[in-house]
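Laboratory data are not the source of any read-out in this text; all were calculated from the coordinates shown. Owing to the predicted nature of the structure, the values given are computational and were not obtained by experimental measurement. All Cβ positions, even for glycine, are placed from backbone atoms using ideal geometry, and neighbour counts span all protein chains on display.
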Amino acid sequence: MRSLVYYVASTIDGLIAAPDGAFEFFGPEPEVARHLATHWPQTFPTFAHPQLGIDRPQGRFDAVLMGRATYEPALKLGIASPYAHLKQYVFAHSLPPSDDPAVEIVSSDAVAFVRDLKQQPGGDIWLCGGGRLAGQLLPEVDELMVKVNPIVAGSGIPLADRPFDLQHFTLVDATPIGAGVVMLRYSR
């Protein structure tokens with residue numbers, strides 16, 4: 001069975017974006033970008049691969065899940081398929097079907113869709129964001145990969161926007177990757 005992996009950048013206080021959805025303050029610093037491009041090349045948008053020296057982004061993922069707000073910045077730049085190297089699923093009720101065969105707009109129940117997707121053959125599934133989608137899918141998340149940045153934001157979009165409902169994970173690894181960023185890996 002495929003695993004659902006929530007791989008996301010966060011502030012120390014558990015926020016993944018500013019109140020307006022901006023996330024540029026996460027950087028990354030050059031040493032962090034080098035580390036991530038080496039170990040997690042699939043998580044960079046396809047258009048950034050040449051600048052980062054990524055030839056063939058290999059790794060554990062063959063699909064990515066995004067909410068509408070996570071997908072829209074690429075659309076505003078005229079990029080309909082930001083992760084063209086992966087099968088992309090965008091959860092949105094307000095978007096028309098995509099013309100790009102690598103992008104599927106999903107308007108059905110996210111949890112039921114992901115449960116079915118996890119049963120299909122393939123690599124692991126990357127939950128890219130945002131906070132609302134992560135909140136819906138948190139019970140289905142098998143692994144959390146959180147890049148904790150040395151920032152306290154105070155308010156913004158939480159890592160998982162959901163009602164109070166404890167979800168337990170076990171810390172597997174904590175790796176400093178430079179510039180004060182620590183990669184935390186948790187499993188269910």
Max mean-square fluctuation residue, GNM over the chain, Cα-Cα springs under 10 Å, options Glu143, Glu31, Glu104
Glu31
Report the extension gain between His39 and Ala18 in nm, rounded to one decimal, defined as 0.36 nm multiplied by the number of residues separating them, less their alpha carbon distance.
4.9 nm
So between Lys76 and Lys118, what do we pick up on full extension, going 0.36 nm a residue minus the alpha carbon distance?
12.1 nm
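With +1 on each Lys and Arg Cβ and -1 on each Asp and Glu Cβ, and nothing else charged, work out how big the dipole of the chain is about its Cα centre, in Debye to the nearest 20.
Its charge dipole is roughly 200 debye.
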Among the aspartates and glutamates, which have Cα under 18 Å from the Cα of Lys76 when same-chain residues fewer than 8 positions away are ignored?
Asp20, Glu24, Asp99, Asp100, Glu104
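Can you tell me, using C-alpha contacts under 8 Å and at least 6 residues apart, the relative contact order of the chain as a whole percent?
Relative contact order of the chain: 34 percent.
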At the level of C-alpha centres, the distance separating segment 139-187 and segment 49-71, in angstrom, is 19 Å
Provide the net charge surrounding Asp109, with neighbours chosen by a C-beta distance below 12 Å and charges set as Lys +1, Arg +1, Asp -1, Glu -1.
-1
Reported to two decimal places, what Rg/Rh ratio describes the chain when computed on Cα atoms with Rh from the Kirkwood expression?
0.93
